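Structure first, then comments.
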Amino acid sequence: MEIGIFTVTITGVLLTALFIKYLTFRPERVFSDIGENVLLCKKPHWFNNNKSRMQLIPKGAIIKIQLASNTVTLFCKSGNVIDIPVPNSKFTADVLQSAKTHFDKAEVVILDN
């Protein structure tokens, strides 16, 4: 009997954590314009105050923006790529549009899902 209660409790906690993760994602906080650069926050949840996860990107450094499934990928001139996983598909278009706005000279590629 105790194992059943424990299993139900753990399952409830995990489902609650996933529910909170999907509902607290803030697509408007992924990119922040700061002049010639863009500040990227890959985990823009309302409760995330960890500034170490942010990345400063020069606007001219991004040459291609790609959307595949729920991931927006930024391709840099240097050959590096930056994946931005979007936990909820209803926010994917918002993140893509924001990337297109901030990196307006970049080519946009949308792959079939």
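Read-outs throughout are calculated quantities, based only on the coordinates presented, and are distinct from any laboratory measurement. Everything numeric here is computed off the predicted structure, so don't read it as measured data. Glycine gets a Cβ as well: all are built from the backbone with ideal geometry, and neighbour counts include every protein chain shown.
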At R0 = 22 Å, FRET efficiency that the Cβ-Cβ distance of Thr7 and Asn88 yields, to 0.05: 0.25
Estimated FRET transfer efficiency when R0 is 25 angstrom, pair Arg29-Asp112 (beta carbons, to 0.05): 0.30
Potential extension, Lys59-Leu39 segment - 0.36 nm per residue separation minus Cα distance: 6.2 nm
